[in-house]
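Engineer: Input: one structure, supplied below.
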Amino acid sequence: CTDGTRVAILNEIMNWVQESSSNASLGYWMCGMAGTGKSTIAKSLCLMLENNKLLAGSFFCSRQIPECREYHHLIPTIAYQLACYSYTFGDTLQRVLEEDQSIALKEPSDQVKKLLIQPWEAVKKTGKFEGHVPVIVIDALDEC
């Protein structure tokens with residue numbers, strides 16, 4: 001975002017990210033008409049999160065870029081990024097991939113269970129992310 005613009009929404013999102021309450025919602029959904037700046041906000045948010053070492057991953061869908069409009073790339077990409085962000089997640093993900101090398105070709109629901117939920121449960125048991133949760137930004141999901 002241009003300096004001084006969209007400050008309120010970026011502050012609102014960063015406050016949500018830093019909310020440590022167990023009552024905090026699992027996701028922050030931003031919606032609006034095409035061309036209203038959602039992607040620009042998402043990119044600015046990624047920079048802010050990266051600067052605070054809170055960005056675990058991002059995926060920007062796009063009808064214009066073939067690799068970024070294929071929904072079956074989303075879950076494996078996020079899993080890879082989480083593995084880079086967290087050694088514990090990466091170790092668990094490696095075991096999952098050794099057990100099922102074709103998981104990237106399976107249905108998204110199976111991918112979510114094995115590539116995201118199972119490794120995340122292992123990370124939670126270690127307590128490594130106690131106090132903050134890494135953030136994943138997904139933009140323009142409707143374009144996948």
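Engineer: Given the structure, is LEU47 under 19 Å from LYS128 (Cα atoms) and surrounded by 10 or more Cβ atoms within 10 Å (Cβ to Cβ)?
Structural biologist: Taking the combined requirement at face value, the residue does not satisfy it.
Engineer: Do you know which residues across the stretch 52-69 are under 16 Å from the mean Cα position of the chain (by Cα) and either surrounded by fewer than 12 Cβ atoms within 10 Å (Cβ to Cβ) or among the hydrophobic types (A, V, I, L, M, F, W, C) (or both)?
Structural biologist: Answer for the stretch 52-69, where residues must be under 16 Å from the mean Cα position of the chain (by Cα) and either surrounded by fewer than 12 Cβ atoms within 10 Å (Cβ to Cβ) or among the hydrophobic types (A, V, I, L, M, F, W, C) (or both): LYS53, LEU54, LEU55, ALA56, PHE59, PHE60, CYS61, CYS68.
Engineer: If the requirement is being under 17 Å from ILE136 (Cβ atoms) and surrounded by 12 or more Cβ atoms within 10 Å (Cβ to Cβ), which of these qualifies: THR40, THR88?
Structural biologist: THR88
Engineer: Which condition number does ILE117 fail, the rest of (1) aliphatic (A, V, I, L, M); (2) buried (at least 16 other Cβ atoms within 10 Å of the Cβ); (3) at pLDDT 90 or above being met?
Structural biologist: Status for ILE117: all satisfied but (2).
Engineer: Report, ordered by the first and then the second residue, all pairs with beta carbons closer than 8 Å, sequence separation of six or more or different chains, a first member in the stretch 6-17 that is closer than 14 Å to THR40 by Cβ, and a second member that is of a type outside the set (A, V, I, L, M) and surrounded by 13 or more Cβ atoms within 10 Å (Cβ to Cβ).
Structural biologist: From residues that are closer than 14 Å to THR40 by Cβ, the pairs are ARG6/GLY37; ARG6/THR40; ARG6/SER44; LEU10/CYS1; LEU10/SER44; ILE13/TYR28.
Engineer: If you go through the stretch 71-85 one residue at a time, do you hit one that is exposed (fewer than 13 other Cβ atoms within 10 Å of the Cβ), at pLDDT 85 or above, under 23 Å from LYS124 (Cβ atoms) and under 13 Å from the mean Cα position of the chain (by Cα)?
Structural biologist: Yes: one or more hits.
Engineer: Which residue pairs have Cβ atoms closer than 8 Å, lie 6 or more positions apart in sequence or on different chains, and pair a first residue in the stretch 102-126 that is under 17 Å from ASP91 (Cα atoms) with a second residue that is aromatic (Phe, Trp, Tyr)?
Structural biologist: Listed pairs, sorted by first residue: PRO119/PHE89; TRP120/PHE89; ALA122/PHE89; VAL123/PHE89; VAL123/PHE129.
Engineer: Can you pull out the residues in the stretch 50-77 that are closer than 23 Å to GLU107 by Cβ, in a helix (DSSP H, G or I) and not β-branched (Val, Ile, Thr)?
Structural biologist: Passing the criteria: PRO66, GLU67, CYS68, TYR71, HIS72, HIS73, LEU74, PRO76.
The values are calculated or read from the model by the stated rules, or taken from the named source; none is laboratory data. A quick note: this is a predicted structure, and the numbers were derived from the prediction, not measured. Note that each Cβ is placed from the backbone with ideal geometry, even for glycine, and that neighbours are counted across all protein chains shown.
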